Structure formats: C-alpha cells, structure tokens
Amino acid sequence: MGEQRTWEELAVAVAEMSRTLLAQPSVQSTLDEIVRHAVNLVEGCENAGVLILENHKSVRTVAASSDLVHQSDAAQQDAGEGPCFDAARTLHEAYRIKDMTESQPRWPRYAPRARELGVGSMMGFLLFTEEGSLGALDLYSSRPGVFTATSENVGWILASHAAVAFSSARSTAQLHTAMETRNEIGEALGIIMERFKVTEDQAFEVLKKSSQDQNIKLRDVAHMVVKTGRIPGAR
C-alpha cells in the first residue's frame, strides 16, 4: 500500500522507478513494474492494474496486482460501462471516484458490482491512446475517501513516467519484431532462390502470390517456408 512521502522522497522514488522501468527486458515486465510501483508509491492504493480498451467495447487486462483488478475489468466489460469507458469517450487524462459506495448514476450496472468486490474508491490515468484503443492505469482502495487531490497528483506523475517507459518498451518490441520479420523473409527468399534457381525479385513474387492467394500475411508465409520448407498453396 502506498505510504505518505514528502515531495522530495517522492521525486527520488519516481526517478528510481523510471530507471527500473526503462531497464525492463519486455513490455510485460514493464507493465508489471508499473502496477507494482503504483501500489507502493500512491498513498492509499491497495491494488492496481493496466487495462486496454479496444474499439470502445472490449476490455483486456494486461497487468494486475490482484484478482480484484481482473474482476473489476471483467465487470466493466460485462456491463459495457464504467470509468475506463468514460475515459475512452472523453479522453480525460485522470479521474478520481471519491466514494464508490455512494450511488453512481453514471454506471448503474458496474457500480453495484464494484461495491460487491469491495471497491471503496478508484482513480485512473491514461497511459496511451491510439486509433481504436486506449490504455489506462487504474488504482483501487477498499476505503472510501482515501484518494485525495494529492493522491491524484502523485498518480498522474507516476502515470506520466510510466507512459514514457511503456511507449519505449513497445517501440523496442516492435523494432525487434520488424527485424526478426525482415531476417525471416530474407531466409525464405534464399530458400526459394536455391530450390527453384530464380532471382531474388522472382522469389519475392512467389512469396507475395502465396500471401495473396492464401490470405496469409507475408511474414507468416515466410515463417512457414523457413520452418517447413513448403510454400503455402504451391504445387
């Protein structure tokens, strides 16, 4: 649970967190560290999670400190409403729900389920927005009134640093994937050139035609050629 810190102590803790996040070897480990630091740094936070809302309707939990987070995300998915849906519609960078035990007319289906789960108060912060999707960090407490304006400021600072680290991790992962794809396509071209005694351009046309005819992505065709030696759809 987050402890009360001076702003100087918080600055040091956030700086250490940023270094830790940027040193993570994968996107998933970065997300897990974001959640762990949220619980440790934000006063009153007992549980935290990162969710992705796709196409304004599909909720996916990608990191969670407890099963309560999974259940809350699933409740929003089932109800088709809740804080993450509001965040997607308004693109507000932060929200704070002081007392979830009070009536919440905005979420007549989600709020009762949240109360059943033991949610007393919540906060949430945008991590990223892309076409058709949204990533958010959600913080939970079992006690109403725990999250203050100071808590929200601390959460926003944490989320801002986390968003940078998350973006860096995703960019690195995408770069690695692109490099692996390029290498595998090159290897597949070499196999086709050797087997059929054709030029590189002709080998690429073979891959492209297989991709189009079989409705399979080019990188997947290349992967199959490298792994099996067979060209999908070829006689």
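Results, tabulated for the structure shown:
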| read-out | value |
| --- | --- |
| Pairs, first closer than 14 Å to Ile185 by Cα in region 207-222, second assigned to a helix (DSSP H, G or I) and among the basic types (Lys, Arg), C-beta under 7 Å, six or more apart | Leu218/Lys208 |
| Failed item in (1) open to solvent by less than 40 Å² (accessible area, probe 1.4 Å); (2) modelled with pLDDT of 90 or more, with Gly82 passing the rest | (2) |
| 2 or more residues modelled with pLDDT under 85: qualifying helices (runs of 4 or more DSSP H) within region 102-221 | 149-196, 200-214 |
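Yes or no, residue by residue, for (1) β-branched (Val, Ile, Thr); (2) in contact (Cβ under 8 Å) with a residue 24 or more places away in the chain; (3) within 19 Å of Gln28 (Cα to Cα); (4) open to solvent by less than 60 Å² (accessible area, probe 1.4 Å):
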position	(1), (2), (3), (4)
Lys57	no, no, no, no
Ser72	no, yes, no, yes
Gln77	no, no, no, no
Arg89	no, yes, no, no
Arg96	no, yes, no, no
Arg113	no, yes, no, no
Leu117	no, yes, no, yes
Glu131	no, no, no, no
Thr150	yes, yes, no, no
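The values are calculated or read from the model by the stated rules, or taken from the named source; none is laboratory data. Everything numeric here is computed off the predicted structure, so don't read it as measured data. Quick reminder, even Gly has a Cβ in these numbers, built from the backbone with ideal geometry, and neighbours come from all protein chains shown. Each accessible area value is taken on the protein alone, full model and side chains, heavy atoms only, with ligands, DNA and RNA left out. Shrake-Rupley method; radii C 1.70, N 1.55, O 1.52, S 1.80 Å.
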